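Input: a single structure, listed below in structure tokens.
Please treat every number below as a calculation from the coordinates, not as lab data. Computed from a prediction, not measured in an experiment: that's the story for all the values here. No Cβ is skipped: glycine too gets one built from the backbone with ideal geometry, and neighbour counts run over all protein chains shown.
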Amino acid sequence: MRWFFVISNTVDTSKHLSLNSLTGYGRLDVLCRCINAAFFLSNDFRKDVIFIIYFQINNKILEIWGEEVRGINPDERAIAGVLKHVFNGHSYPGIKFYSSSLEQCLKKQKFVVIDRMGEQSLNLLNEFDSFLLGDQLGFQEEIYQYFSKFPKFSLGSTEYLTSQTITILNYLLDDIKPNFIINDKMPLE
């Protein structure tokens with residue numbers, strides 16, 4: 001299984017969600033694009049992905065399990081509609097929404113932090129299939145300090161959107177990982 005864990009700094013899951021204004025909801029649009037990048041392929045859906053969002057404002061966790069989720073479409077509005085349903089207390093196949101601390105949730109898996117200042121060694125991808133990413137604001141300082149014990153992986157000096165980073169990681173894990181032991185240099189430079 002492949003895990004993507006995104007920390008949301010701005011989305012308040014207790015507020016009323018209008019599907020006509022996702023950016024007014026604390027940049028829920030960013031998270032919807034990340035969900036799209038994690039799961040959707042051209043005419044296919046990744047079942048080997050678990051996508052987690054930690055909503056820092058509410059201390060809430062949203063988990064989407066690719067092998068269990070059904071009836072979700074790739075556009076932002078459709079994804080936001082599913083999230084609105086879940087935020088309002090309704091169940092949805094393959095999605096769990098609950099209260100938890102960040103520390104408690106991170107105990108489930110060994111993560112590598114995606115950080116521009118991290119190592120560019122593809123060998124980290126041999127060791128980890130679980131990735132910790134920030135939203136459009138990155139990581140707050142106290143959270144970043146908490147991650148000091150985690151290994152850090154970098155895609156280079158270019159700063160990508162979180163959704164783009166997920167796409168690149170999926171690409172590396174899909175097509176390059178089986179072959180990169182020969183050369184540990186980043187192929188994207």
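Relative contact order of region 1-126: 24 percent, from C-alpha pairs under 8 Å at least 6 residues apart in sequence. Per-residue extension of 0.36 nm, minus the Cα-Cα distance of N73 and T23, leaves a gain of 16.1 nm for this segment. Think of it as helices only: each DSSP H run of n ≥ 4 in the chain is worth -39500 (n - 2.57), and spread over all residues that comes to -7000 deg cm²/dmol at 222 nm.
In plain terms, if you count all Cα to Cα distances in the chain and split them into 5 Å steps from zero, the share in each step is 1, 7, 17, 21, 21, 16, 10, 4, 2, 0, 0 percent.
Each Lys or Arg adds one and each Asp or Glu takes one away; over the other residues whose Cβ falls under 15 Å from the Cβ of G26, this sums to +1. Here region 6-79 is assigned +1 on the Cβ of each Lys and Arg and -1 on the Cβ of each Asp and Glu. Its dipole about the Cα centre then comes out at about 180 debye.
Identify, among Y144, L102, V113, the residue whose Cα sits farthest towards the positive end of the charge dipole of the chain, taking +1 on the Cβ of Lys and Arg and -1 on the Cβ of Asp and Glu, with the dipole about the Cα centre. Value: L102. Once a ≥ b ≥ c are taken as the square roots of the eigenvalues of the Cα gyration tensor of region 1-105, is the result rounded (a/c under 1.5), prolate (a/b larger than b/c) or oblate (a/b not larger than b/c)? The shape class here is oblate. What pairs from K47/K108; K60/K152; K47/K149; K47/K84; K84/K152; K15/K96 go past 28 Å between their alpha carbons? Check vs 28 Å cut-off fails for K47/K149; K84/K152. Relative to the current alpha-carbon distance between S14 and R46, full extension at 0.36 nm per residue lengthens the span by 8.6 nm. In a simple Cβ point-charge model (Lys, Arg +1; Asp, Glu -1; nothing else charged), the chain has a dipole of about 460 debye relative to its Cα centre.
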